[in-house]
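None of the figures in this text is laboratory data; all of them are computed from the coordinates on show. Bear in mind that the values here come from a model prediction, so they are computed numbers and not experimental data. Cβ placement follows ideal geometry from the backbone for every residue including glycine, while neighbour counts extend to all protein chains displayed.
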Amino acid sequence: MFGSRSGTAAARAGHAACSGCSLCLLVCPTWRSTHDPRMTPEGRAKALQHGATAEDLRASVESCTLCGACEPVCPEQIDLVGMTLDLRARLADAEAVAASQERMKARTPIPPVSALRLVLAGPALTAKADALGKIARLLDARACADDGADIAHALQSGTPIPPGRLEGFLSGLRNAKTLYVEDGFWMRHLRAWLPKLRMVGLGEALSLLATVRGALRKTDLYVIDTRAYHVDYERLVGHYDRLRAERACSFNLDLQRIAIPTATQSAWILKGRSVERIVVERQEDGEAFLQHGGYPVVHVAELADH
Amino acid sequence: MNALTPALEIPSVEPGTLGACPVAPDALQGIKRQQTNPSRWRGGNWQAFAGELQGLGVELSESIAARGAYATDAGGTAYGLPHGVVVARSAQQVSNLLKAAQAHRVPVTVRGGGLTTEGESVAFGGVLLDMTGMSKVLAIDAAGLTVRTQAGIFWHSLAEELRRENLDYLSAPLNLTSSVGGTLGVGGIDVNSARLGCSADQAVALQVVTPTGEIVECSDTHNAELFERVILGYGQFGVITEATLKVRPYTPLRMHYYYYSSLRTAIEDLQLLDRNDASDYSGILTILDCAVNLLVAFDSVEREAAFRARWESRLRGHGEFGFGLRMLGRYALRPWKLGEALFLLGRKRELFPELRRPEYMRDGVMLDRTVVFSRAVWKFWGGRQMVIPDLATSADKFADAVERGNAVCRKYFPHYTLYCVGIRLRPDHREHYEMSCIPPDAEEWAYGCEFEPMTNGRAYSRDHLQSFKNAIYDIGVDIGASYYRFGGMMKGYIRRVFGDTLVERHLAMKRKADPAMILNRDVIF
């Protein structure tokens, strides 16, 4: 069974449960850019139900952005991201595995930072040490010394992670009580590995700060990190709805209240909206909007300066 | 084979000609059937056809990954595999496909959202043409209140685009993933259809690729005969590639729910509201026949106030609290029905919060009714197997039809739902309605009821489900009704309800339009 997540509090169904409702197509960024039903979670699930192999689905599996928008809309509660990751693991060839292992071996061991609250940033934010330091101060936390970028890459590409490397990374998190995670993709894995650690999306944590909320304007487009949002959808849909009610800004949400990913859809997010400023939770999302020009783009942490 | 039993001979009959029905006695026993395609298409000419498509630049996918994705429809009881799949990209590509299919006599089955329940969008060989590849909105005329869109688009994707202009479509099925083209071909009902008509009546103009590959623009005034046949034509007379539809300004909804314990009373009140244009939205949704919910909603404060002043007091339904008290009394006196009471209570606990999710409401007003209702439909009624027989009648026959259908549901399933709505008819579209879901004797309004078992994960045999459907459809034959889902596995009823003369006339038109009988050949005829 591909994608059947069991043994956790959030046990979900596998690909066999897909009834072909196509609700996942409505929110899939790959569907929106290709209009090819084979390149969608439903296309993969239905093909698997009727005899396709992972190799048959290679192009489809590789096209997925892992934004997770498909999961909250699935009425059968299928672990659609898990299904795609399982398929990627089947497809990982020897060359990809070797390259991944080499990347991990080449990493210099980093002494862990000891703190009760840690920030796990993505590559773009990690590269901006000042911005990351400021965020850590706002949250009374410290940035993780080991950003686990090689592990994140392995998880997304389906290549194995040597137990020693994984243990080294996790040991840096074990003493913390709260982890602020910039890329929500981490959450599905870290919750399984460190079930006692409290994990909060970085965007959610910053948007709870009074100074940040107070600086949001009606004419702002607030861009939610799609991965963090979808993995905690039932809780966060309420969080952002309350933020909308309080500040009247607009969000990158569709009519189903699913977050529209920015990578290929920033133009669609902006279409028909009256926006004066774009506020992003993820550094990478800001870069996607810069190509449209004309809009100042700020990270949500920068609102604390206003 | 027993020597005394003659072998079942399947006669060799050319597509497009009539032969004896070779289907062995089955669940439709006793029903006179004639098929234009008496045997499954076995792949003759496929290689030559595939080669021609390649030469024409039409991408044809023959892998199991591509074909397997279309093995069944939303009904999940009809299974079949196409020889190959074409994802629609343009009218010209569809035209090239159909011309080659005519020349090589290869069946083409067209699929939009795949939400048929009787196998109408399942290909039993030949080509599966997936229209969802044509999903772009082409132009929105906000002043003229129309939209031009490719016809493979899902209604919800269209709604997303329209909302950015503060517009909305008129009416569409409450499931998010019906396609525009597929809906225009069969009808499409919404909780505002009693006022705005069926979805098919929203179409102002269409671009159609005929079964012989001509690309034709049609409307009520231009190529009107083709327009007449394609609208509500169950895909027999062409592939809709583009559509111009009426749209309207977007409005959030003011919802009211009234609860009844009598189906007939609720239906009478529904028809009272419809006759008097007392609401903007109206429909009945039940849990069994015990909790009958009349839904009434409004686009504006003024309409809501007018309803409250003039009509609300005439409704015989109760509010949620009052109805709850009545139910408490009812089941206190009937302790042997405790199981039913617990089921109703459990259903209420699960379903009601879904209909009131705060992110879709603002200040007591529902922002996105299609999202709210459609998500609930998929969550509570969706599944790998969906059987939804229906009856469509004139207004005066409707209560009888629903009561008789309800008795059938009671006999076959422990739990089920009924969904009833009115459909305002357009007098100028009477020709469109011939041999469609609109019953011939309906005047001003037709009424439709879907009978939907809630299987709760329990597996039922195909025979059980088929017998249930037959029992519902027999009511239609008896009282002179029509059906929304009369194609595919239920096509045996077409001649029973419409009569041979009418069906033969349509078949003659089909033969003329589609000489090799390639387009959606197993759906109606």
By DSSP, what percent of the beta bridges with both residues in chain A are antiparallel, rounded to the nearest 5?
5
Expressed in nanometres to one decimal, the distance between label points 7 Å along Cα→Cβ at B:THR265 and B:ARG163 is 3.8
Taking 0.36 nm per residue of separation between A:GLU167 and A:ARG90 and subtracting their Cα-Cα distance, the length gained on full extension comes to 25.4 nm
Determine, from the Cβ-Cβ distance of A:LYS196 and A:HIS50 and an R0 of 30 Å, the FRET efficiency 1/(1 + (r/R0)^6), rounded to the nearest 0.05.
0.10
Label-point separation in nm, B:LYS411 to B:SER63, each point 7 Å along Cα→Cβ:
4.9
Here the FRET efficiency for B:VAL137 versus A:ASN175, based on Cβ atoms and R0 = 51 Å and rounded to 0.05, is 0.45
Unit charges on C-beta of K, R, D, E only; dipole of the protein assembly as shown, Debye
1880
Percent of all alpha-carbon pairs of the range B:162-319 at distances over 24 Å, whole number, is 45
The range A:86-231: Rg to Rh, with Rh as the Kirkwood radius over Cα pairs
1.00
Hey, fewest Cβ within 10 Å first, where do B:VAL110, A:VAL113 land in order?
A:VAL113, B:VAL110
Using unit Cβ charges (K, R positive; D, E negative) and no other charged atoms, how large, in debye to the nearest 20, is the dipole of chain A about its Cα centre?
660
Can you pull the three principal axis extents for the Cα set of the range A:217-258, in Å, largest first?
27, 17, 15
Alpha-carbon Debye profile of chain A, log10 I(q)/I(0) at 0.12, 0.16 Å⁻¹:
-0.83, -1.44
Shielding by other protein chains, A:49-57, mean Cβ within 10 Å:
4
Rounded to the nearest 5, what % of the DSSP beta bridges within the protein assembly as shown are antiparallel ones?
70
Bins of 10 Å, starting at 0 and running to the largest distance - Cα pair percent for the protein assembly as shown
2, 12, 21, 24, 19, 13, 6, 2, 0, 0
Averaged over all directions, how much area does the convex hull of the C-alpha atoms of the range B:322-416 cover when projected, in nm²?
8.9
Mind checking the mean number of beta-carbon atoms from other chains within 10 Å of the Cβ atoms in A:29-39?
4
Dividing the surface of the Cα convex hull of the range A:1-157 by four yields a projected area in nm² of 11.7
Using 0.36 nm times the number of residues separating A:LYS271 and A:GLU284, minus their current alpha carbon distance, what extension gain do you get?
2.7 nm
Which whole-number percentage describes the relative contact order of chain A, with Cα contacts under 8 Å and a sequence gap of 6 or more?
16
In Å, descending, principal axis extents of the Cα set of the range B:379-452
42, 26, 18
Report P(r) for chain B: all Cα-Cα distances, bin width 20 Å, range 0 to the bin holding the largest distance, values in whole percent.
22, 56, 21, 2
For B:SER467 and B:ARG426, compute 0.36 nm times the residue count separating them, minus their Cα-Cα distance, and round to one decimal in nm.
11.3 nm
Rounded to the nearest 0.05, what FRET efficiency do B:GLU504 and B:VAL204 have when you use their Cβ-Cβ distance and R0 = 41 Å?
0.85
Compute the whole-percent fraction of alpha carbon pairs in the range A:216-288 spaced more than 19 Å apart.
27
Going highest first, how would you order B:134-140, B:388-394, B:402-408, A:89-95 by mean Cβ packing within 10 Å?
B:388-394, B:402-408, B:134-140, A:89-95
Per the Kirkwood definition applied to all pairs of different Cα atoms, how many angstroms is the hydrodynamic radius of the range A:174-249?
13.2
Counting partner chain Cβ atoms within 10 Å of every residue's Cβ in B:156-166, what's the average?
4
Dividing the helical contributions, -39500 (n - 2.57) per DSSP H run of n ≥ 4, by the residues of chain B yields a 222 nm value, nearest 500 deg cm²/dmol, of -10500 deg cm²/dmol
Express in % the proportion of alpha carbon pairs of the range B:438-525 at distances exceeding 18 Å.
54
I'd like to know which of B:LEU325, B:SER374, B:LEU338 lies farthest towards the positive end of the charge dipole of the range B:290-385, counting +1 on Cβ of Lys and Arg and -1 on Cβ of Asp and Glu.
B:LEU338
Would you mind checking A:LYS128/A:LYS196; A:LYS46/B:LYS246; A:LYS105/A:LYS196; B:LYS397/B:LYS491; B:LYS99/B:LYS136; B:LYS136/B:LYS348 for any pair whose Cα atoms are more than 32 angstrom apart?
A:LYS46/B:LYS246; B:LYS136/B:LYS348
One would report the Cα pair-distance distribution of the range B:153-211, bin width 5 Å, in %, as 4, 19, 28, 27, 15, 5, 2, 0
What nm value, rounded to one decimal, do you get for the distance between B:ARG362 and B:GLU320 when each label is placed 7 Å out toward the C-beta?
2.2
Looking at the range B:267-360, I'd like the Rg to Rh ratio, where Rg is from alpha-carbon atoms and Rh is Kirkwood's inverse mean 1/r.
1.02
Please work out whether the range A:13-71 counts as rounded, prolate or oblate from its C-alpha gyration tensor, where a ≥ b ≥ c are the square roots of the eigenvalues and a/c under 1.5 means rounded, while otherwise a/b larger than b/c means prolate and anything else oblate?
oblate
